[in-house]
Amino acid sequence: MLSNQILHKAVQDIKRITGLECAIWDIKGICLVMTNERMIGLEPEVTRFCETAPSVAVEETRFRIEKDMGMFLVHDDEDPCYILVLKGNCPHMEMAGRLGISQLENLLFAYKEKMDKNRFIQNLILDNMLLVDVYNQAKKMKIPVELRRVVFLIEARNEGENLILDTLKGLYATGTKDFVTAVDEKHVILVKALQTTDEYLQLDQIARELVDTLNMEAMVSVRIAYGTIIEELKDVSKSYKEAHMALEVGRVFYADRNILAYNELGIGRLIHQLPASLCEMFLNEVFEGNTADQFEEEELTTVYTFFANNLNISETARQLYVHRNTLVYRLEKIQKRTGLDVRVFEDALTFKIAMMVADHMKYIR
């Protein structure tokens with residue numbers, strides 16, 4: 001059924017065009033919207049009309065005109081759903097009512113078509129459809145099957161999912177190529193059609209534009225992940241799953257990024273897919289039964305800055321504003337606890353991976 005906001009605009013348009021007061025009642029005799037509060041007094045007449053109006057075919061639409069009031073039955077397919085009531089002095093009351101019926105029934109049809117596409121995309125993303133149904137429904141709704149697409153998954157960092165959804169629908173959901181839908185309270189999906197020349201550089205640019213647009217227009221801070229480019233509609237779920245994984249990997253290993261590409265997750269993607277038992281075994285091997293929590297924040301800051309400077313002691317000491325000997329002392333403390341000399345590339349690599357695995361285990365717990 002149509003929202004009260006849509007119905008309110010419809011009755012205001014009818015009043016503006018015809019000069020008649022207008023109200024819409026549901027088939028149970030409850031007034032939904034009206035242009036004049038005095039129309040609430042028509043409840044007995046509308047209730048009698050609801051009781052006597054038969055469930056007839058659309059082409060046999062029933063109406064009743066008495067003096068300065070007209071009541072018109074609106075159908076959704078073959079089922080009566082609304083009573084349109086017009087009141088005022090107008091020689092063309094019947095014509096105005098029939099036009100009002102046509103407007104409301106067209107709105108119902110458009111709304112159902114929109115919802116059908118929304119459900120289709122949601123089922124497609126969640127793999128709830130057989131392949132033959134994908135092609136049949138796409139053909140029915142005139143959605144291109146063979147077209148390069150990618151799925152963007154937008155996550156709100158705070159409240160504002162409705163604003164994200166409305167903003168993206170205004171930008172993209174205007175044809176049969178791009179689709180916008182919500183999957184839960186914090187996530188919105190954009191299935192974006194691509195040009196034949198678009199590659200991952202263009203996808204990153206689109207993601208950055210989305211972040212900026214949502215930040216400026218909707219005043220919402222977001223993180224965006226996207227999957228790989230697909231060639232056919234049936235593979236939309238694949239791109240969605242990749243985007244979802246990119247978002248999860250980003251939460252664990254790349255918390256400072258607001259744009260995450262599935263094909264640029266590096267070693268984080270591999271660690272994310274490791275079984276917990278294997279991760280526990282590796283951590284016990286590296287830390288000899290201790291946990292990654294044994295390190296103080298100062299020690300971790302030191303070693304990560306050391307890694308960021310390609311194991312260069314002088315540059316690391318300069319950035320940390322410490323003496324070279326102080327830096328060496330801190331690194332040797334880590335070596336005593338773990339047996340890993342992070343000044344050596346192989347040990348530094350082992351330590352880095354072990355800390356990433358530890359972060360992954362924290363996320364799992």
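Residues of region 1-31 with an amide N closer than 18 Å to a point placed 7 Å from the Cα of Glu37 along the Cα-to-Cβ direction: 21-24, 31.
Model label sites at Arg157 and Gln195, defined 7 Å from Cα along the beta-carbon direction, differ in position by 3.1 nm. Summarising the label geometry, the points placed 7 Å from Cα in the beta-carbon direction at Val183 and Thr305 lie 3.9 nm from one another.
For region 292-297, 3J(HN,Hα) computed residue by residue from phi via the Karplus equation (6.51, -1.76, 1.60; θ = phi - 60°) reads 5, 6, 5, 8, 7, 4 Hz, glycine and proline entered as x.
A simple spin-label model places pseudo-atoms 7 Å from Cα toward Cβ; at Leu270 and Glu78 they are separated by 6.3 nm. Between Arg38, Arg149, Arg98, the GNM of the chain built on Cα springs shorter than 10 angstrom shows Arg38 fluctuating the most.
Around Gly88, under 14 Å between beta carbons, what's the net of Lys plus Arg minus Asp minus Glu among the other residues? The answer is +1. Of the solvent-accessible surface of the chain, computed with a 1.4 Å probe and all protein chains present, 50% belongs to carbon and sulfur. Between Val344 and Asn118, the FRET efficiency from the beta-carbon distance, with R0 = 45 Å, is close to 0.20. Evaluating 6.51 cos²θ - 1.76 cosθ + 1.60 at θ = phi - 60° for every residue in region 219-236, the Karplus couplings come out as 6, 10, 8, 10, 10, 10, 10, 9, x, 8, 6, 10, 9, 10, 4, 5, 8, 4 Hz, glycine and proline recorded as x.
The GNM of the chain, with springs linking C-alpha atoms under 10 angstrom apart, assigns the highest mean-square fluctuation among Thr301, Thr350, Thr213 to Thr301.
For a label point 7 angstrom out from the Cα of Glu280 toward its Cβ, which stretches of region 328-365 have the backbone nitrogen within less than 17 Å? Within reach of a label on Glu280: 357-365. Heavy-atom accessible area for Ser314, with the other protein chains in place and a 1.4 Å probe, reaches approximately 70 Å². Close amide-amide hydrogen proximity is noted between Asn258 and no other residue 5 or more places distant or on a separate chain, at a cut-off under 5 Å (H modeled in the peptide plane; Pro and chain starts excluded). For region 92-203, the spherically averaged projection of the C-alpha convex hull amounts to 10.1 nm². Largest GNM mean-square fluctuation among Leu32, Leu126, Leu260, using the chain with Cα springs under 10 Å: Leu32. Computed from Cα atoms, the angle from the helix 324-338 axis to the main principal axis of the chain rounds to 80 degrees. Once you have a ≥ b ≥ c as the square roots of the Cα gyration tensor eigenvalues for the chain, tell me rounded if a/c is under 1.5, and otherwise prolate or oblate according to whether a/b is larger than b/c. Prolate shape, in that a/c is at least 1.5 and a/b is the bigger ratio. Excluding Leu194 itself, what net charge comes from residues whose Cβ is under 11 Å from its Cβ, given Lys and Arg +1 and Asp and Glu -1? Result for the local shell: 0.
Solvent exposure of the chain, expressed per residue, is 55 Å² of accessible area, with all protein chains present and a 1.4 angstrom probe. The charge dipole of the chain, taken about the Cα centre with unit charges on the Cβ atoms of Lys, Arg (+1) and Asp, Glu (-1), comes to about 380 debye, rounded to the nearest 20.
Computed on the chain, with alpha-carbon pairs under 8 angstrom and 6+ residues apart, the relative contact order is 10 percent.
The values are calculated or read from the model by the stated rules, or taken from the named source; none is laboratory data. Everything quoted here is computed from the prediction, not taken from an experiment. Every residue, glycine as well, gets a Cβ built from its backbone with ideal geometry; the counts of neighbours run over all protein chains shown. Ligands, DNA and RNA are stripped out before the accessible areas are found, and what is left, the full protein with its side chains, is counted by its heavy atoms. Shrake-Rupley method; radii C 1.70, N 1.55, O 1.52, S 1.80 Å.
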